[in-house]
Amino acid sequence: MSKERLPDNFLWGGAVSANQCEGAYNVDGKGLSTADVTTAGSRYVKREFTDGIIEGKYYPSHEAIDFYHRYKEDIALFAEMGFKCFRTSINWTRIFPFGDETEPNEAGLKFYDNLFDELLKYNIQPVVTISHYETPLGLVKKYGSWRSRKMVDFFLRYCETIFSRYKDKVKYWLTFNEINVITLNPTISAGIVVKEGEDFDKVVYQAAHHMLVASAKAVKLGHEINPDFKIGMMMLYPIFYAETCKPEDQLAAMKAMDQHYYFSDVQVRGYYSSKAKSFLASKGIELETEPEDETALREGTVDFIGFSYYNSNVATTRPEAQFTGGNMLNAVKNPYLTESAWGWSIDPIGLRISLNNLYDRYQIPLFVVENGLGAVDKVEADGRIHDDYRIAYLREHIKAIKAAVIEDGVDCIGYTPWGCIDLVSASTGEMEKRYGFIYVDKDNEGKGTLARIRKDSFYWYKRCIETNGEDI
Ligand code: BG6
């Protein structure tokens with residue numbers, strides 16, 4: 001039977017991560033994470049991962065938008081928009097400040113109890129990322145982070161603690177944010193700095209193996225603690241088009257995608273594909289594994305795929321191709337698309353194709369857990385913010401999701417646009433790269449009152465949710 005509308009239980013909401021919005025970086029027993037020692041950068045200047053906190057440098061995660069103290073006010077605004085769900089992450093170092101403790105920090109656990117209770121008060125389902133670009137710095141310094149197999153146990157202790165504690169409050173979980181980003185930016189994603197002279201691929205794929213095993217074991221553990229849990233993987237979906245129909249370009253596009261399916265194949269199917277094994281062999285990489293790993297991967301397959309989608313990319317064999325920006329990758333410019341101020345292409349059809357690609361390949365539910373337009377917003381003299389460009393971006397992407405679900409038969413369970421409230425940018429550390437429906441008065445240097453203002457998109461999204469995506 002063909003559907004005409006999105007399902008009534010479609011999970012409309014918004015997404016953030018702890019390190020990009022909570023602030024309170026050293027409050028109530030919290031330890032330092034990698035994000036807390038990463039300076040602000042800009043579109044032109046790279047963020048710097050420093051050895052501890054250096055006096056005189058600006059670290060945007062330290063205060064961020066102070067969600068830690070203002071979450072009640074912010075959740076009331078999400079409720080006003082009618083959110084059915086809210087995706088955030090638990091900051092690992094609020095629970096295990098150093099990372100290898102045997103007992104958790106009660107004050108940290110209490111904070112998330114309060115946060116989830118506040119959401120549930122409004123019937124907003126928490127969707128929780130267990131690790132979103134905030135690896136404990138203690139584990140980075142003492143063990144080299146995910147280079148070490150020991151991380152699997154530290155991660156599982158953390159998972160057991162939060163699964164048991166929140167088993168009646170949280171149903172939807174995501175293990176690692178954008179797990180495939182370890183190959184693009186191992187520092188931000190996994191706290192790994194590859195040193196000069198080291199074999200980048202060897203380090204990264206070994207660490208990735210530890211993460212894949214940890215994720216699989218977490219999925220199994222979570223299902224034992226509460227069989228109703230829905231535990232997903234989360235990947236950055238970087239759809240690549242071939243620049244031309246030249247077979248070599250098509251091959252380049254296929255190969256570019258293989259690098260990312262490497263991860264989802266393991267997490268969804270429960271084993272390394274033969275292609276993944278050939279890839280490792282071609283790089284001369286022999287993964288160090290334990291006999292139990294094969295079973296662990298097989299028993300820990302995910303319930304759904306969460307993914308981020310911002311822009312599409314182009315693969316080419318043309319050496320003189322002009323490159324442009326994009327989420328975590330610089331890709332070849334696509335002459336058929338416009339771009340954001342940060343050079344990210346705007347391609348709603350790419351989202352429809354991505355949903356189809358993933359569903360055709362895996363046949364398990366999908367969840368678009370990040371999507372949005374980073375833009376500079378202007379507060380008018382009357383205090384209003386007319387972000388029609390953001391509305392246009394989101395409208396077209398929602399249409400793409402509807403087409404995938406209604407016309408193509410894809411099972412997509414929800415949509416949580418990124419940075420539903422303005423927050424610190426992950427790649428640049430700026431505040432002025434804004435995604436939110438809610439404006440936060442703070443600038444790139446950390447100045448501002450932190451006041452919250454509803455943008456035009458706030459009212460538009462409210463109407464969208466009210467009508468289940470019909471009136472957009
Ligand atoms: C995703 C990350 O890659 O993109 C988020 O999961 C990030 O943490 C988002 O914020 C948008 O990227 P940026 O660099 O504009 O913040």
Legend entry - Global form of segment 272-328, assessed from the alpha-carbon gyration tensor, a/c cut-off 1.5: oblate
Legend entry - Computed lengthening from D411 to D443, 0.36 nm per intervening residue step minus Cα-Cα distance: 7.6 nm
Legend entry - Cross-link reach list, lysines versus K202, counting only Cα pairs under 24 Å and skipping chain neighbours closer than eight places: K141, K142, K150, K217, K255, K275, K277, K283
Inset, instruction - Quick one: which residues, 5+ away or cross-chain, put their amide H under 5 Å from the amide H of L11? H built at 1.01 Å from N. - result: G414, Y415
Inset, instruction - Show the residues, 5+ positions off or on another chain, whose built amide H is closer than 5 Å to the amide H of T324. - result: A331, V332, K333
Legend entry - Principal axis box of segment 360-472, alpha-carbon based, largest edge first, Å: 47, 30, 17
Legend entry - Fraction of antiparallel bridges per DSSP, segment 186-337 only, in percent to nearest 5: 20 percent
Legend entry - Net charge over other residues, Cβ less than 13 angstrom from the Cβ of N26 (K, R count +1; D, E count -1): -2
Legend entry - Around E55: net Lys/Arg minus Asp/Glu count, Cβ-Cβ under 15 Å: -2
Inset, instruction - Could you pull out every one of the aspartates and glutamates with an alpha carbon less than 19 Å from that of K220, ignoring same-chain neighbours closer than 8 positions? - result: D153, E160, D168, D228, D265, E290, E292, D293, E294, E299, D303
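Which of the chymotrypsin sites (Phe, Trp or Tyr not before Pro) across segment 329-374 are loop residues per DSSP, with 12 or fewer other Cβ within 10 Å?
Y336
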Legend entry - For segment 106-213: relative contact order, % (alpha-carbon pairs under 8 angstrom, 6 or more apart): 37 percent
Legend entry - C-alpha center-to-center spacing [segment 353-368, segment 4-48] in angstrom: 25 Å
Inset, instruction - Let me have the relative contact order for segment 354-422, percent, based on Cα pairs under 8 Å that are six or more residues apart. - result: 51 percent
Legend entry - lysines with Cα under 28 Å of K402, excluding same-chain neighbours fewer than 8 positions away: K3, K84, K171, K230, K333, K433, K455, K462
Legend entry - Sites matching GluC sites (Glu not before Pro) across segment 347-406 that sit in DSSP coil, with at most 15 neighbouring C-beta atoms within 10 Å: E380
Inset, instruction - Using a cut-off of 10 Å between beta-carbons, work out the net charge of the residues near G284 (Lys and Arg +1, Asp and Glu -1, G284 not included). - result: -1
Inset, instruction - With +1 on each Lys and Arg Cβ and -1 on each Asp and Glu Cβ, and nothing else charged, work out how big the dipole of the chain is about its Cα centre, in Debye to the nearest 20. - result: 260 debye
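In cubic angstrom, how much convex hull volume per residue do the alpha carbon atoms of segment 61-116 span?
Normalising the Cα hull of segment 61-116 by residue number yields 92 Å³.
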Inset, instruction - Within segment 277-355, list the GluC sites (Glu not before Pro) lying in a DSSP loop whose Cβ has at most 14 other Cβ atoms in a 10 Å radius. - result: E286, E288, E292, E320
Legend entry - Dipole magnitude (debye, nearest 20) for segment 233-282, charges at Cβ of Lys, Arg, Asp, Glu: 200 debye
Legend entry - Cα coordinate range in the chain, projected on the principal axes (Å, largest first): 62, 56, 50
Legend entry - Euclidean distance of C-alpha centroids, segment 235-281 and segment 407-472, integer Å: 31 Å
Legend entry - ³J(HN,Hα) computed for each position of segment 256-273 - Karplus, 6.51 cos²θ - 1.76 cosθ + 1.60, integer Hz, glycine/proline x: 4, 6, 3, 4, 9, 5, 3, 7, 5, 4, 5, 6, 8, 8, x, 6, 6, 5
Legend entry - Antiparallel DSSP beta bridges within the chain, percent to nearest 5: 20 percent
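Only Cα pairs under 8 Å and at least 6 apart count here; give the relative contact order of the chain as a rounded whole percent.
17 percent
Coordinate-derived values only; no laboratory data. Values in this document were obtained by computation on a predicted structure and should not be read as measured data. Here the Cβ is made from the backbone with ideal geometry for all residues, glycine too, and neighbour counts use every protein chain on show.
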